[in-house]
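The values are calculated or read from the model by the stated rules, or taken from the named source; none is laboratory data. On a predicted model such as this, the values are computed, not experimentally measured, just so you know. Positions of Cβ are generated from backbone atoms using ideal geometry, with glycine treated the same way; all protein chains shown enter the neighbour counts. Keep in mind that these areas ignore ligands, DNA and RNA; they rest on the heavy atoms of the full protein, side chains included. Shrake-Rupley method; radii C 1.70, N 1.55, O 1.52, S 1.80 Å.
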Amino acid sequence: MTTLTIYTSDGREGETTTDQAVIAATLGGLGVQYERWHANRPLAADAGQDEVLEAYRDEIERLNADHGFQSVDVVSLGSDHPDKVTLRRKFLAEHTHEDFEIRFFVDGRGLFYLHVDGQVCLVLCERGDLISVPANTTHWFDMGENPCFTCIRFFTTPEGWLAEFTGSDIANRFPDFDTYVAGCV
Ligand SMILES: [Fe+2]
């Protein structure tokens with residue numbers, strides 16, 4: 001279930017909610033776009049990129065009109081991926097992007113950490129969730145030891161999201177994906 005927990009930036013746990021409206025309002029207050037999307041046609045578990053993009057065509061077109069994306073693609077990662085450790089590490093430390101980041105979870109889950117205004121918001125995203133990370137927002141992302149997700153990614157630059165790492169070890173003070181998910185059961 002989509003879950004939001006707000007911590008202080010020194011790692012003290014605060015409130016947790018699974019209320020969609022509260023999650024959207026809280027994130028909206030931070031300038032983060034959060035939406036729930038529904039496929040306009042049935043989508044097989046092994047659907048390819050074209051089928052996925054077609055299933056969400058209306059929402060994608062709306063987002064494109066709002067933001068002028070240069071490219072949209074679908075990325076899929078399973079627990080049998082040979083580079084899963086390297087890929088997980090890529091965005092596991094706190095970083096920013098000049099470009100804002102938007103992802104839609106077609107399937108599976110991932111955990112975003114947004115470090116804003118002295119707080120760290122942990123947002124466990126799942127199938128049907130769209131989340132944005134505003135430009136220059138300090139954040140990181142964990143897909144867990146055994147990643148499982150299919151996401152639509154939206155880019156406004158041909159280079160994609162170039163990470164600028166802050167050098168902070170703040171990510172080590174927060175539960176990783178597997179620990180957080182275990183606590184949500
Ligand atoms: Fe990022």
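Structure values in brief
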read-out: From the C-alpha gyration tensor of the stretch 33-93, square roots of 5λ in Å; value: 25, 17, 11
read-out: Residues whose placed amide H lies under 5 Å from that of VAL116, excluding near-sequence neighbours; value: CYS121
read-out: Prolate/oblate/rounded label for the stretch 49-139 (Cα gyration tensor, a/c 1.5); value: oblate
read-out: Fraction of the pair-distance distribution of the stretch 1-159 above 29 Å, Cα-Cα pairs, percent; value: 15 percent
read-out: Table column - 3J(HN,Hα) (Hz), the stretch 11-21, Karplus curve with 6.51, -1.76, 1.60, x for Gly and Pro; value: x, 7, 6, x, 7, 10, 9, 10, 6, 4, 5
read-out: Hull volume in cubic angstrom per residue (convex hull over the Cα atoms of the stretch 81-185); value: 108 Å³
read-out: Under 5 Å, built H, 5+ apart or other chain: amide partners of ILE102; value: VAL133, PHE154
read-out: The chain, helix-only ellipticity at 222 nm - DSSP H runs n ≥ 4, -39,500 (n - 2.57), divided by all residues, nearest 500; value: -6500 deg cm²/dmol
read-out: Whole-Hz ³J(HN,Hα) from phi, Karplus 6.51 cos²θ - 1.76 cosθ + 1.60, for the stretch 27-37, glycine and proline x; value: 5, x, x, 9, x, 9, 7, 9, 9, 10, 10
read-out: Label-point gap, in nm, between THR16 and GLN70 - each point 7 angstrom along Cα→Cβ; value: 4.0 nm
read-out: Contour minus Cα-Cα distance for ALA135 and LYS90 (0.36 nm per residue); value: 14.4 nm
read-out: Amide H contacts of GLY108 (H built 1.01 Å from N, under 5 Å, at least 5 apart or other chain); value: ARG127, THR150
read-out: The stretch 53-69 - phi-based ³J(HN,Hα) in whole Hz, Karplus 6.51/-1.76/1.60, Gly and Pro as x; value: 5, 5, 5, 10, 4, 4, 5, 5, 5, 5, 5, 4, 5, 6, 10, x, 5
read-out: Tensor-based shape of the stretch 137-185 (alpha-carbon gyration tensor, a/c under 1.5 rounded, otherwise prolate or oblate); value: oblate
read-out: Hull shadow area, averaged, the stretch 82-130 [alpha-carbon convex hull, nm²]; value: 4.3 nm²
read-out: Probe 1.4 Å, accessible area per residue of the stretch 1-147, Å²; value: 48 Å²
read-out: Additional length obtainable on full extension of the chain from ASP178 to GLN49, 0.36 nm per residue less Cα span; value: 43.7 nm
read-out: Backbone N under 14 Å from the ARG153 label point (7 Å along Cα→Cβ), restricted to the stretch 161-185; value: 161-164
